[in-house]
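Read through the structure below, which is laid out as C-alpha cells, and then see the notes.
The values are calculated or read from the model by the stated rules, or taken from the named source; none is laboratory data. What you see is a predicted model; the values in this text were computed from it and never measured. Virtual Cβ from ideal backbone geometry, glycine too; neighbours counted across all protein chains shown.
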Amino acid sequence: MECFIVAKENIDLERLELTLVGDEAHHATRSLRIKTGEEILATDISGTCYKCRVERADPGALTCSIEKILPNFGEPKRNVLLVQGLIAQPSRWEFLLEKATELGVRSIQPITTERTERENFNRERSKRILRAAVKQTKRAWLPELSELSSFSTALSEAIKEGRRVLLLHEAADSSSTLSRTMIASDESLAIIVGPEGGFSDSEVEMALKSRAEIISLGPRRLRAETAAIAALAILIDL
C-alpha cells in the first residue's frame, strides 16, 4: 500500500473523505498509476494516518474515502531528539536525515561545535528528504527540523525540556556502552552526536556539568552518521 502526504485542509472527517492534490496527486496518478478502487495510506504528518480507498482519480486530484483513522501509526513509543553536529559532506548529512527519519526520530537539532567544518545546510532540501522518508516508512509524524544552533544552546534546551541527555563520545568509559545503559520505556531522550573529529574536551566538560551522560557505542571509531544511526536503532524501540 503506497503512502502519500495529505494537507489537513483537504481532510473532511464529517464526510470521511480526503483529497490528494498537487505533486502528491500527480505522483499517485501519473507515476504510480493509482486507480479507482485501490487502497492507499495518507499521512497528515502531524500525528495521524488514514487508510483510504480511491473513489475518483483525476489528473490534479485524488479523492478517497477514509476507511480507518490511525493515530500515531508507524511511530515508536519513545520520543527521541537527535542533536547532531553538521557533517561536512552534504550527501552524508542527507543520508543521515533519511535514515534517522526511517528509524523514527521525533526531532532533529543541527548544531555547530568547535570542530564543525560547516556552518550552514540546505534547509529546504533537507525538509524534502524528511518528507520522502516519512512516506517511505509510513509514519504519522514528520520529524521537526530545527534551525541551526550552537552546542551549548542545544544542550541547555534539551535539559530544559526534561530530556535525559546522552552524549556519544569515543573516550567514554568502556563499561558505559549504550546497549548497557538502563533507560525507562517512557523517558524522553536527547542523543548528542558530534561532527567529524568529535567533541572537544571543553564541550565534554560542559555536558558533564549539565548532568549529561557520556556514552560509548563500543570499541570501534564510527563516522558521525554511523554513530547517530546506530544509537537510534538501539534506543528508539526499546
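Would you confirm, using the coordinates I've provided, whether GLY60 is over 15 Å from ALA132 (Cα atoms), under 28 Å from the mean Cα position of the chain (by Cα), touching a residue at least 12 places away in the same chain (Cβ under 8 Å) and surrounded by fewer than 16 Cβ atoms within 10 Å (Cβ to Cβ)?
So GLY60 fails the test.
Among the strands (runs of 3 or more DSSP E) lying completely within region 30-112, list those that include at least 3 residues that are of a type in the set (S, T, N, Q) and either assigned by TED's automatic domain parsing to the domain that holds ARG125 or in contact with a Ser or Thr (Cβ under 7 Å, 6 or more places away or on another chain) (or both).
107-112
If GLU94 passes every condition in (1) charged (D, E, K, R); (2) touching a residue at least 60 places away in the same chain (Cβ under 8 Å); (3) surrounded by 15 or more Cβ atoms within 10 Å (Cβ to Cβ) but one, which one does it miss?
(2)
For region 203-214, how many residues are among the charged types (D, E, K, R) and either touching a Lys or Arg at 6+ places or on another chain (Cβ under 8 Å) or crowded, with 18+ Cβ neighbours inside 10 Å (or both)?
2
Can you tell which of GLU102, GLU94, GLU75 is under 26 Å from ARG164 (Cβ atoms) and touching a helix residue (DSSP H, G or I) at 6+ places or on another chain (Cβ under 7 Å)?
Testing whether each residue is under 26 Å from ARG164 (Cβ atoms) and touching a helix residue (DSSP H, G or I) at 6+ places or on another chain (Cβ under 7 Å) leaves just GLU102.
Checking the conditions here, which among ILE111, ILE69, ILE40 is among the β-branched types (Val, Ile, Thr), closer than 27 Å to LEU18 by Cα and crowded, with 20+ Cβ neighbours inside 10 Å?
Just a single option satisfies the conditions, and that option is ILE40.
Any chance region 127-134 includes a residue that's closer than 14 Å to PRO90 by Cβ and either aromatic (Phe, Trp, Tyr) or without any contact (Cβ under 8 Å) to a residue 40 or more places away in the chain (or both)?
There is at least one residue in region 127-134 that is closer than 14 Å to PRO90 by Cβ and either aromatic (Phe, Trp, Tyr) or without any contact (Cβ under 8 Å) to a residue 40 or more places away in the chain (or both).
Could you check how many residues of region 147-193 are surrounded by 17 or more Cβ atoms within 10 Å (Cβ to Cβ) and of a type in the set (Val, Ile, Thr)?
4
I'm told SER200 meets every condition in (1) surrounded by fewer than 18 Cβ atoms within 10 Å (Cβ to Cβ); (2) in contact with a Leu (Cβ under 9 Å, 6 or more places away or on another chain) except one. Can you identify the failing condition by its number?
(2)
So for region 114-121 (the condition being in contact with a Cys (Cβ under 6 Å, 6 or more places away or on another chain) and under 30 Å from GLU24 (Cα atoms)), does at least one residue qualify?
No: zero hits.
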